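Working notes, beginning with the structure itself.
Derivation of every value follows stated rules applied to the coordinates shown; laboratory data play no part. Keep in mind the model is a prediction, meaning the values are calculated, not measured. Cβ coordinates were reconstructed from backbone atoms using ideal geometry, including for glycine residues, and neighbour counts include every protein chain displayed.
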There are 2 protein chains.
Amino acid sequence: MAHLFRTQGRKIIAIGRNFAEHAKELNNAVPTEPFFFLKPTTSYVDNGGKIEIPQGVVAHFEVELGAVIGKTGRDIPASDAMSYVAGYALAIDMTARNMQDKVKKAGLPWSAAKGFDSFTPISSFLPPSEIKDPHNVRLWLKTNGKTRQDGNTKDMIFQLPRLIEHVSSIMTVEEGDLILTGTPSGVGPTEPGDELTAGLETVEEGGKQGRVLAE
Amino acid sequence: MAHLFRTQGRKIIAIGRNFAEHAKELNNAVPTEPFFFLKPTTSYVDNGGKIEIPQGVVAHFEVELGAVIGKTGRDIPASDAMSYVAGYALAIDMTARNMQDKVKKAGLPWSAAKGFDSFTPISSFLPPSEIKDPHNVRLWLKTNGKTRQDGNTKDMIFQLPRLIEHVSSIMTVEEGDLILTGTPSGVGPTEPGDELTAGLETVEEGGKQGRVLAE
Ligand SMILES: [Mg+2]
Ligand SMILES: [Mg+2]
Ligand SMILES: [Mg+2]
């Protein structure tokens, strides 16, 4: 049922600061080991849906590659981790940045700032046959047609095997769980009425193969 | 399926610092509005099961009353909130306190410190006929037979209707979700090999009615 992760999955595990340029743009230290937070599956919204920005919230977009887990595991070694990946999805990790700034200062949890309804726009399931190398994928995001983020997963600080090893050393991963692998630089605010488009492109040897997944 | 929350539920929403004496014992400010964090359902362990304490973790117990959600809702007004409660459960919100202290200082998420496998010991489902007043329930916890926590839900800062109103103003609650309502004072460390017992007792007019739910 991994391809049904959108309705059947139980958790979203989102990695923070996994691109050095993004860590720096928010004046955060570049991490020496991975860290993550949980988002509720009630935050999913399908392609074409509406992102609701609550009153008083400064909502930032963060385009990310998601990896869908295909089977239950814990204490998974990095060497075996890719066998737990059933497929991928393109996601936007929407963030109430003003709330997050406040709770970071107060030492409080991130769950509310990251967990509003509609704060995880998500594409359809992409089988691994479509993304042969998850560490060479172009990720981009535009607001009202203007490019805001344009990165490549080759710049992840910690690659997927290490992320799965880390997460599963703390909590069991299950079929349908989604791991968000972090966002490249360029994050910023979006206003009600803006149109967000995002895409991922696999990069083949000798050139680019464009593939727009969400618009 | 609310009575099957243990296997069917999708999220655990845990309220922080909802008892003034507990906030003070950890040198935290008493909150002026509720806050919460998410725990993964993979952290559940049934009554009689083993709490695994990872190497290097100082694990604290926090006995709490859990409310099981019975139907989907968002933006639920406090006045209608109790109609969303299908039943209750006794829980222990295990916490890697040394990790939590560290992430609080660094402004990082609580998800790992709260989310280890087996960090949410849980009783069976208790129908509301068994707990007529969730705001007059004695909660206790013993380690190796010695009482460590002994409180009453009448001392909650924010009662269940307000908690459900707050949580559902941020994220949709669904059937089988569990809301942990916070712990009374007395939290402390537990070592591998300790036996934890916990219970809740409904308090009837004119006396106590003992009811041990987990041992
Ligand atoms: Mg482990
Ligand atoms: Mg992110
Ligand atoms: Mg607690």
The range A:26-60, residues that are within 29 Å of B:G9 (Cβ to Cβ), within 16 Å of ligand 1 (Cβ to nearest atom) and more than 9 Å from every other protein chain (Cβ to nearest Cβ):
A:P34
Determine whether B:A96 is in contact with a Gly (Cβ under 6 Å, 6 or more places away or on another chain), in contact (Cβ under 8 Å) with a residue 40 or more places away in the chain and within 16 Å of ligand 3 (Cβ to nearest atom).
no
Within 16 Å of ligand 2 (Cβ to nearest atom), small (G, A, S), outside any strand (DSSP E or B) and away from chain B (no Cβ under 12 Å), is that true of A:A23?
yes
Matching entry among B:E191, B:E174, B:E165 (being out of contact with any helix residue (DSSP H, G or I) (no Cβ under 9 Å at 6 or more places or on another chain) and more than 16 Å from ligand 3 (Cβ to nearest atom)):
B:E191
Provide a single number: the residues in the range A:38-80 that are of a type in the set (S, T, Y) and more than 15 Å from the chain's Cα centre (by Cα).
3
So, restricting to helices (runs of 4 or more DSSP H) that lie completely within the range B:75-160, which ones have at least 3 residues that are more than 16 Å from ligand 1 (Cβ to nearest atom) and within 14 Å of another protein chain (Cβ to nearest Cβ)?
B:97-106
Test for A:T147: is it farther than 16 Å from A:V45 by Cβ, crowded, with 20+ Cβ neighbours inside 10 Å and touching a strand residue (DSSP E or B) at 6+ places or on another chain (Cβ under 8 Å):
no
For A:S111, the lone unmet condition from (1) touching a Phe, Trp or Tyr at 6+ places or on another chain (Cβ under 7 Å); (2) touching a residue at least 60 places away in the same chain (Cβ under 8 Å); (3) closer than 24 Å to B:I13 by Cα; (4) more than 16 Å from ligand 3 (Cβ to nearest atom) is (4)
Kindly indicate whether B:S111 is within 16 Å of ligand 2 (Cβ to nearest atom) and out of contact with any Asp or Glu (no Cβ under 6 Å at 6 or more places or on another chain).
yes
